[in-house]
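Notes follow the structure.
Each reported figure results from applying straightforward, stated rules to the coordinates on display, with no laboratory input. Just so it is clear, the model here is predicted, and its values are computed rather than measured. FYI the Cβ positions are ideal-geometry reconstructions off the backbone, even for glycines, and counts take in every protein chain you see.
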Amino acid sequence: MTTETTAERVTVDLHVRSLTPRAGHGRQEAVIERLERLADTGQIHEFSVHVWGRQVSLSTAAARTDAGQNVLDRVERFRDWAADTDRSISSFFETRRVSSQMTEESYVALVLPMFTFAEYHDGELAFVAPCSDGDGVCTVTDRLDTLEHSTTVTETLEADGNGQLIAEEAEE
């Protein structure tokens, strides 16, 4: 995929399990601060942070709610992107059977990663992290590194097999 960054509007959606100050809070703060810097320097146009919880039950009424359906629809778009780009997200979005000792009931749930990064170019999904390409994994941090090392001054960005951006000067 070759795109001219000056002609594209690059936006990012960061999906997180929670915004509470727990074990991953420091990492979460670091990711949000990096996104703020990318927006401040014009390397991305804007970003949004969405809280979507730890998991979505697939076999209860929760999956049929607006919130549950929104998460499932988004994950389905991420899966479509992965299939179209010869990547995989399945090891990061696992389906598991969950049992409750309190209610003695079990259900099937889609467990969500701590962070999911969705990059859009002119409104079209262009990259999802974490993902794998068979040779390696591209994490949210890896993708942020890639974006931080790119510039928005008339360069052409081309995605290689590792999800890294290779900058080439635009010809006059």
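Quick look at the numbers
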quantity	calculated
Trypsin sites (Lys or Arg not before Pro) restricted to the range 33-102 and DSSP loop, no more than 13 other C-beta within 10 Å	R54
Label-point separation in nm, S90 to R54, each point 7 Å along Cα→Cβ	2.5
Percent of Cα-Cα distances greater than 27 Å, calculated over the range 1-143	25
Debye equation applied to the C-alpha atoms of the range 58-123, log10 I(q)/I(0) at 0.18, 0.24 Å⁻¹	-0.78, -1.17
Qualifying GluC sites (Glu not before Pro) for the range 56-144 [loop in DSSP, other Cβ within 10 Å: at most 14]	E104
Local electrostatic count at S59 - Lys and Arg +1, Asp and Glu -1, tallied over other residues with Cβ under 11 Å	+1
The range 9-133, dipole about Cα centre (Lys/Arg Cβ +1, Asp/Glu Cβ -1), debye to the nearest 20	460
